[in-house]
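K.L.:
For reference, the structure I am asking about is given below.
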Amino acid sequence: MLASGSLPSRFTAPLTASTAAELSALSVGSSVHAYCVKLGLLAGDGCVAVASSLVYMYAKCGVVFDAVKMFEEMPERDVVAWTAVVSGCVRNGEYLDGLRYLVEMVRLTGDGRVRPKLTDNWRVDLEACGVLGELPSGRCLHVYAMKTGVVDSPLVVSALFSMYSKCDSTADASILFTELLEKDVVSWTSLIGAYCRRGFVGKAVELFLEMEECGLQSDEVLVSCLLAGLGNSVNTCGGKAFHAVIMRRNLGDSMLIGNGLILMYCKFELVEVACRVFRMMHHCDAESWNLMIIGYCKAGCDVKCLELYRERPFRGNDGFLGDANSLVSAISSCSRLGKVRLGQSARCYAIKHLLDDYSSVANGLISMYGRCGKLDHACKIFCWSKLKRDVVTWNALIASYAHLGHSNDALSLYDQMRTEGVKPNSATLLTVISACADLAALERGEQIHSYVKEMGLDSDVPISTALVDMYAKCGQLGISRGIFDSMLQRDVVSWNVMISGYGMHGNAKEALELFSEMEGGSVEPNGVTFLSILSACCHAGLVDEGRKLFTKMTEYSLVPNLKHYACMVDLLAKSGLLQEAEDIISAMPIEPDGGIWGTLLSACKVHDNFEMGLRIAKKAFASDPGNDGYYILMSNSYGSVGKWGDIENLRDMMKDHGVEKSVGWSAVDTCR
């Protein structure tokens with residue numbers, strides 16, 4: 001039209017703007033807006049239709065700010081403008097603004113100044129109430145729907161059920177269901193879905209059985225809804241029983257139900273059962289493959305995750321059978337297996353197939369390179385992701401530096417992140433608090449603690465636990481205990497870090513008292529708890545208490561590992577009970593490592609038990625022939641009894657095994 005010399009009019013401009021909106025062609029819509037301003041189409045008769053179409057275009061293209069600005073500048077507003085601004089705000093996450101405009105629209109409707117078709121906006125209006133938890137506003141809309149006679153519309157009923165579910169009001173959802181004149185499968189599904197979303201799966205199953213007693217046959221949507229509820233509640237027995245019901249009803253051939261079963265069993269951590277369901281499905285779509293790949297990854301079955309990722313068809317009837325989530329899962333498995341080369345191909349694969357969510361792939365690659373010690377590669381991916389960096393991207397690189405012990409660099413990245421205007425989240429703060437703990441950087445830790453309070457995250461259990469650990473490692477046990485005592489909820493990790501904090505500073509009495517308090521509470525100690533309390537006993541030389549605690553592990557069905565045995569050997573050996581320490585090693589159900597033999601060997605030197613030292617040294621050399629510490633200990637032992645020839649033999653052994661004495665070094669944090 002423009003090429004022929006014709007200009008937009010009050011008739012063609014709204015049509016063009018609406019077309020641009022449907023195509024999400026923001027640049028075209030902006031051009032239409034510019035022509036409308038230039039030609040004066042936003043003033044005079046017919047301007048309302050033009051302005052309304054522009055509000056609709058900006059809202060549909062996701063540019064809410066411009067849509068609201070255009071709307072506010074309109075001297076008069078019609079139904080299109082009101083509908084567009086409300087739905088635009090809600091669909092783009094501006095729920096409060098959407099609700100505010102909705103209230104104003106309803107008020108004007110009551111005054112007779114505007115007659116919007118509220119049914120056009122029911123879904124987004126009620127969605128806003130649900131997301132914001134505005135139950136009173138939602139109830140008002142329900143009453144208004146009854147007043148205007150649209151409450152029987154399936155669209156309105158579905159939106160009301162969803163709103164009441166998100167507002168945690170299954171009672172209102174039940175009342176709505178009771179008032180329905182006709183109860184079909186859709187309405188039953190809506191009510192059952194509301195109970196499932198609230199976690200009341202038992203009630204949802206009761207309703208399912210009640211529906212079937214009424215003679216209605218369940219469809220795949222209802223069944224998949226129940227499967228999701230059972231999966232979220234981790235009701236393994238109920239899930240298996242419902243699977244049997246599905247098989248008896250011959251509903252197992254549905255792809256939607258098959259995918260629901262896979263997801264449910266993956267949430268139960270029964271990935272092999274999920275795989276059997278997957279293999280029995282006659283038709284698998286992209287979601288089927290992705291669910292199974294992600295399930296293997298989350299369960300730690302990394303080899304099977306990669307095997308399935310390679311096995312999946314490149315394309316199916318519905319197109320590409322892979323997405324960013326499955327690719328990120330494959331990258332995570334490569335990371336844990338240390339298969340860097342295989343992980344490197346992921347980036348090329350993502351670029352080649354133009355995955356929409358490349359940023360998540362980049363984040364996964366950064367984490368993989370960081371875990372595998374390839375910081376230079378991680379930094380390159382980070383730089384290439386400059387235009388699409390989000391808080392997860394920053395977190396991945398910061399965590400990579402922290403994981404490899406570069407805590408100062410991790411804190412510098414945190415500062416850079418805040419300078420660039422990216423707001424840290426709880427994952428960021430957890431990492432940098434741990435970095436401060438590693439450096440014993442008290443001042444930096446206090447600064448981050450202040451920011452945690454400012455963000456209102458001081459009640460977050462993992463962050464509070466990290467702060468307890470940080471202050472303890474910085475020697476501030478009083479502050480550490482104060483934070484611990486102020487925690488409204490404590491998990492086993494919280495108890496462990498506080499006990500460990502007392503232990504590392506030699507406060508064994510306080511550690512034992514805290515352990516007793518933990519036993520009297522609702523949190524059960526785990527293997528790490530016993531390792532922490534045994535270490536505290538070891539530092540303080542509390543042999544009897546250590547023996548009792550080591551024996552007590554069986555009361556909690558815990559099997560001691562190498563670290564627990566090493567702690568007990570160290571405790572006994574330091575106390576001069578060398579024979580008892582050796583007896584514990586001999587009775588171990590697992591093969592002792594060089595560290596355990598080395599601990600006993602060192603104690604033999606301290607307590608001048610040369611004969612036992614010779615016997616233990618042979619076992620230590622056999623276990624870890626490349627450890628220079630053993631040779632030095634035995635060399636000192638031989639020297640103390642004047643056996644200089646044996647020292648020469650030790651030096652020859654070191655040469656034969658290619659062992660060289662390690663150079664000593666020390667480090668100190670200079671950041672203030």
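The values are calculated or read from the model by the stated rules, or taken from the named source; none is laboratory data. Since the structure is predicted, the reported quantities are computational estimates derived from the model, not experimental observations. Methodologically, a virtual Cβ is constructed for each residue, glycine included, from the backbone with ideal geometry; neighbour enumeration extends over all protein chains shown.
K.L.:
When the residues of the range 159-211 are narrowed to those that are farther than 20 Å from residue 142 by Cβ and of a type in the set (Gly, Ala, Ser), which ends up surrounded by the most Cβ atoms within 10 Å (Cβ to Cβ)?
P.N.:
204
K.L.:
Kindly provide the set of residues from the range 25-56 that are hydroxyl-bearing (Ser, Thr, Tyr) and at pLDDT below 85, ordered by number.
P.N.:
Once the filter is applied, which keeps residues that are hydroxyl-bearing (Ser, Thr, Tyr) and at pLDDT below 85, the range 25-56 yields only 35.
K.L.:
Evaluate the range 475-483: report whether one residue or more is within 27 Å of the chain's Cα centre (by Cα), modelled with pLDDT of 95 or more and more than 27 Å from residue 571 (Cα to Cα).
P.N.:
yes
K.L.:
I'd like the full set of residues that are surrounded by fewer than 18 Cβ atoms within 10 Å (Cβ to Cβ) and part of a loop (DSSP other than H, G, I, E, B), limited to the range 444-475. Give the steps one after another, and end with the answer.
P.N.:
Just the residues of the range 444-475 that are surrounded by fewer than 18 Cβ atoms within 10 Å (Cβ to Cβ), to begin with: 446-447, 450-451, 453-459, 461-462, 475.
If the condition is that a residue be surrounded by fewer than 18 Cβ atoms within 10 Å (Cβ to Cβ) and part of a loop (DSSP other than H, G, I, E, B), then 456, 457, 458, 459, 475 are the ones that fit.
K.L.:
Within the range 22-89, considering only helices (runs of 4 or more DSSP H) that don't extend past its boundaries, which have at least 1 residues that are over 23 Å from residue 124 (Cα atoms) and touching a Phe, Trp or Tyr at 6+ places or on another chain (Cβ under 9 Å)?
P.N.:
Filter on the range 22-89 gives 26-38.
K.L.:
For the range 132-150, which residues satisfy the criterion of being surrounded by fewer than 16 Cβ atoms within 10 Å (Cβ to Cβ) and outside any helix (DSSP H, G or I)?
P.N.:
Quick first cut of the range 132-150, residues surrounded by fewer than 16 Cβ atoms within 10 Å (Cβ to Cβ) only: 133, 136, 140, 143, 146-149.
Scanning the range 132-150 gives 133, 149.
K.L.:
Could I ask something else about it? Tell me which helices (runs of 4 or more DSSP H) are completely within the range 520-580 and hold 2 or more residues being without any contact (Cβ under 8 Å) to a residue 60 or more places away in the chain, within 33 Å of the chain's Cα centre (by Cα) and farther than 19 Å from residue 498 by Cβ, or say none if there are none.
P.N.:
Counting at least 2 such residues, we get 562-574.
K.L.:
Looking only at residues that are over 18 Å from residue 324 (Cβ atoms) and either surrounded by 19 or more Cβ atoms within 10 Å (Cβ to Cβ) or of a type outside the set (A, V, I, L, M, F, W, C) (or both) in the range 284-301, which one is farthest from the chain's Cα centre (by Cα)?
P.N.:
284
K.L.:
State whether one or more residues within the range 230-247 are surrounded by fewer than 16 Cβ atoms within 10 Å (Cβ to Cβ), closer than 19 Å to residue 261 by Cβ and touching a residue at least 12 places away in the same chain (Cβ under 8 Å).
P.N.:
yes
K.L.:
Being assigned to a helix (DSSP H, G or I), touching a Gly at 6+ places or on another chain (Cβ under 6 Å) and either at negative phi or modelled with pLDDT of 85 or more (or both): is that true of residue 334 here?
P.N.:
yes
K.L.:
Now for a separate question. Name the single residue that is surrounded by the most Cβ atoms within 10 Å (Cβ to Cβ) among those in the range 581-610 being in contact (Cβ under 8 Å) with a residue 12 or more places away in the chain and acidic (Asp, Glu).
P.N.:
Here the answer is 582.
K.L.:
With surrounded by 16 or more Cβ atoms within 10 Å (Cβ to Cβ) and at pLDDT 95 or above as the only criterion, which of 281, 264 stands out?
P.N.:
After applying the criteria, what remains is 264.
K.L.:
Quick one: which residue in 93, 44 is within 36 Å of the chain's Cα centre (by Cα) and more than 16 Å from residue 19 (Cβ to Cβ)? Quick ask: steps written out before the conclusion?
P.N.:
Working: 44 fails: within 36 Å of the chain's Cα centre (by Cα).
On inspection, the qualifying residue turns out to be 93.
K.L.:
Does the range 416-431 hold any residues that are in a helix (DSSP H, G or I), over 21 Å from residue 504 (Cβ atoms) and within 23 Å of the chain's Cα centre (by Cα), and which are they?
P.N.:
Within the range 416-431, 417, 418, 426, 427, 428, 429, 431 meet the criteria.
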